[in-house]
Amino acid sequence: MSKPIVEAREIHKHFGHLHVLKGVDLEVAERELVFVIGPSGSGKSTLLRCLNRLEEPSSGSVVVDGIDMLDPRTDINHARQRIGMVFQSFNLYPHMTALGNVTLALRKVAGKSRAEADALGLAALQRVGLADRAGHTPGQLSGGQQQRVAIARAIALEPRVMLFDEPTSALDPELVGSVLEVMRDLRQSGMTMIVVSHEMGFARNAADRVMFMDDGLIVEQGPPAAIFENPTQERTRAFIGQIQRH
Amino acid sequence: MSTWDRFVETFFNAKVMVKYLPDILSGMVVTIELAVLIVLSGLLAGLVLALLRALAIRPLNWLIIFVVDLFRSLPPLVIIVLIYFGLPAAGVSPSGFVSTWLSLAFVLMAFSEEIFWAGITSIPKGQWEASRSTGLSFGQTLINVVLPQALRLTIPPLTNRTIAITKGTALGTVVAVTEILGQASSAVSNSYNPSPLMMGAAAYLVLFLPVVVAARWVETKFAWKR
Ligand SMILES: Nc1ncnc2c1ncn2[C@@H]1O[C@H](COP(=O)(O)OP(=O)(O)OP(=O)(O)O)[C@@H](O)[C@H]1O
Ligand SMILES: [Mg+2]
């Protein structure tokens, strides 16, 4: 295993009295796809959000691509360019076109000229198969297309790591496939990815490692086959049984 | 003389109207000047306050909320009178025009701050998160992502409030501003005839009716669709 690109140690997160993350360690190697599963409220989203500091961990350390994310001297806005994030609810900017969504950070953060940004933005939209929708606003796109634009918005910045928080949960079943396909392409291109999702089929054939979280802790992790067929922990077995019955 | 003739003679007296038309027109100019100043400075100040409030600096926000609530509670006429008759005691003597301008600008600032603020807070948290996750700073997110959406939401309520407050320029007549109502009432006392008041009312209609109609159009145009 190569040197980890994401190294989180002993992460704790409290929301008031609520202890949501209870000492999570997470190491992700370059080009690895880590899949995170677990019941609602187990802290999966919070963990992802601690990695790019959308959420401030109460304690612990997070190093991404050699950058100490929790060091107050770190230029967090610069560091965040290296960590793409895709949200369950897409969060596209409704007042901009698809291309506008993708180029905003290229122009404002990466300092590209409008022409450079447009070229890079179009290339990113091309990668998600939506170059022909560059001029559409989010309201004119289907959910699946919106999510692919959101992925383009993140990859246009050439991140070292991509975080996905239930990217297909808000989609109609027939639109899920197109998004998973884009994620599979991304994986093939060697992108390091941390994916929170319930798409077990995708996990089986794309994930290097599956992590099961419960109650703020990583209960068990391993290759997909091991976790899905032979979980060692009772809680994992119960959870897997539950989602497979659906 | 029939009743009808007497009515017309009294309220639409041609001789009086012709004589005082120039006064009413100059009153319209003053009203327009006042209105433009109030709208520009009031909305700008309101927006600045809302942006400052977004910084979430506690003591500053308390101050903003206090000032805003103050100017939303006081009747505009009271503010005008306080500035015009009160400030001289403190060594500054603003003219009636300046007093009216400042007073109504403060009122518009207060109401528009609340409207801008409501617009800013109504933008979903996910918009902030998406933008911040790509590396935009707080300020860049506010300017490029949140404000454009918020402003669009605020246009209908803002238009209505702005019209309501701008009509308050008529209050300036109390502190001797020669705007439409001021010109009309002095014309009434000089001519012993109420016709100039009719002209004044017509002048307000000429100024504000197009604005009200335009506001109606703006309201449908900017009804939010995602
Ligand atoms: N900003 C917040 N303030 C207070 N509590 C929060 C906040 N964010 C999350 N929580 C709480 O932290 C716990 C973990 O939330 P989190 O969203 O990380 O769970 P999750 O595993 O992603 O769940 P789901 O599968 O439903 O998305 C929950 O109990 C949630 O209510
Ligand atoms: Mg979640």
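Bear in mind these aren't lab numbers, they're just calculated from the coordinates by the rules spelled out. All values reported here derive from a predicted model rather than from experimental measurement. With ideal geometry, Cβ positions are generated from the backbone for all residues, glycine too; neighbour counts draw on all protein chains shown.
In units of the compact-protein estimate 2.2 N^0.38 Å, the protein assembly as shown shows a Cα radius of gyration of 1.37. With both residues required to sit in the protein assembly as shown, DSSP beta bridges show an antiparallel share near 55%. The eigenvalues of the Cα gyration tensor, multiplied by 5 and square-rooted, give chain B an equivalent ellipsoid with semi-axes of 42, 22, 11 Å from largest to smallest. Fewest-first ordering of B:Thr10, A:Thr236 by other beta carbons within 10 Å of each residue's beta carbon gives B:Thr10, A:Thr236.
Across peptide B:145-157, the average count of Cβ atoms from other chains found within 10 Å of a residue's Cβ is 2. Neighbour counting of Cβ atoms within 10 Å sorts the residues B:Ile143, A:Ile227, A:Ile240, fewest neighbours leading, into B:Ile143, A:Ile240, A:Ile227. Residue exposure proxy: B:Tyr192, B:Tyr204, B:Tyr20, ordered by other Cβ atoms within 10 angstrom of their Cβ from fewest to most, comes out as B:Tyr192, B:Tyr204, B:Tyr20. Placing unit charges on the Cβ atoms only, positive for Lys and Arg and negative for Asp and Glu, gives segment B:29-180 a dipole magnitude near 360 debye about its Cα centre.
Largest GNM mean-square fluctuation across A:Phe164, A:Phe228, A:Phe212, computed for chain A with C-alpha springs under 10 Å, falls on A:Phe228. Largest GNM mean-square fluctuation among A:Gly201, A:Gly222, A:Gly190, using chain A with Cα springs under 10 Å: A:Gly201.
Beta bridges per DSSP, both residues in segment A:67-218: antiparallel share near 20 percent. For A:Ala29, the residues whose amide H sits under 5 Å from its own are A:Ile5, ignoring neighbours fewer than 5 places away on the same chain, with H placed 1.01 Å from N. Here the Karplus curve 6.51 cos²θ - 1.76 cosθ + 1.60, taken at θ = phi - 60°, turns the phi angles of segment A:192-197 into couplings of 6, 9, 10, 10, 9, 6 Hz, with x standing for Gly and Pro.
Scanning residues 5 or more positions from A:Met213 or on other chains, those with amide H under 5 Å from its amide H are A:Ile37, A:Gly38, A:Val219, with H placed 1.01 Å from N in the peptide plane.
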